[in-house]
1. Cα-Cα over 19 Å: which of 180/223; 61/129; 132/171; 70/143; 171/223; 82/132?
2. Given a cut-off of 22 Å, what percent of all Cα-Cα pairs of segment 88-226 lie beyond it?
3. Quick one: accessible surface of residue 193, probe radius 1.4 Å, all protein chains present, in square angstrom to the nearest 10.
4. Using a 1.4 Å probe and ignoring any ligands, DNA or RNA, find the accessible area of residue 189 and quote it in Å² to the nearest 10.
5. If you count, for each residue, the other Cβ atoms within 10 Å and average over each peptide, how do 74-85, 146-157 line up from highest to lowest?
6. Give the separation of the Cα centroids, segment 157-226 to segment 72-123, in Å.
7. According to the square roots a ≥ b ≥ c of the eigenvalues of the Cα gyration tensor, what is the shape class of segment 78-121, taking rounded for a/c under 1.5, prolate for a/b larger than b/c otherwise, and oblate for the remainder?
8. Counting just the Cα atoms, what span does segment 103-177 cover along each of its three principal axes? Round to the nearest Å and put the largest first.
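The values are calculated or read from the model by the stated rules, or taken from the named source; none is laboratory data. This structure is a prediction, so every number in the text was calculated from the model and none was measured. Every residue, glycine among them, receives a Cβ derived from its backbone with ideal geometry; neighbour counts consider all protein chains shown. Heads up: the accessible areas ignore ligands, DNA and RNA and are worked out on the full protein's heavy atoms, side chains in. Shrake-Rupley method; radii C 1.70, N 1.55, O 1.52, S 1.80 Å.
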Amino acid sequence: MPRARKRPAGAARPDKKGPEGKRTKTENPGEASAKVENSSLQETSASKDCGKNLSSYWLMKSEPESRLEKGVDVKFSIEDLKAQPKQTACWDGVRNYQARNFLRAMKLEEEAFFYHSNCREPGIVGLMKIVKEAYPDHTQFEKNNPHYDPSSKEDNPKWSMVDVQFVRMMKRFIPLAELKTHHQAHRATGGPLQNMALFTRQRLSVQPLSREEFDFILSLEEKEPS
């Protein structure tokens, strides 16, 4: 996340820096956040998504609970984002090529759900927006950082990050279990969550959402949990 950086959670796990401070996202072993997301994935398979703005809406995962990675706490919750100067942080630590390409496709003012992952009850906790488009992730060059990548060069960086800004909390927490129930029902009925990446590409800490998916999830705020 931002610099103060955000500490991610979604595949990779960051630490605290802040936009400075943010650390990275990490991906959950069972559910995936974002940081560590298999650096070994081949760039070729993900490069198809590079350069194409496939979506204007996103879901971005980060770990809200403390977890040390190489001695660094990769925790970064929506409360941590709110506490940053201007409620803004960099979304750093993404080490999966496809997730990185999604970061590179993001445009200013696009909206993203903040998703708490790798925790007791994962789910969507709030909304944020993109306030700085993709630029080199500083953590790839920091030797003491859990997301350091010695194969990445400053004149040709492999990894990117964006800056995000807190918009608001969800009117109610939308848990993964509830989203999964809708996904399973929509697979049978053709509803908006039938192909949601949270279930079809669950290891990704940065995921695209269609307008229909985004709007449906927002509508759940006004309904009693199913």
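1. Violating the 19 Å Cα-Cα cut-off are 132/171.
2. Here the long-distance tail beyond 22 Å is 43 percent of all Cα pairs in segment 88-226.
3. Probe radius 1.4 Å; accessible area of residue 193 about 0 Å².
4. Spelled out: residue 189, probe radius 1.4 Å, area about 110 Å².
5. Those peptides, ordered most packed to least, come out 74-85, 146-157.
6. Measuring centre to centre over Cα atoms gives 14 Å.
7. Here segment 78-121 falls in the oblate category.
8. If we take the Cα atoms of segment 103-177, the spans are 44, 30, 17 Å.
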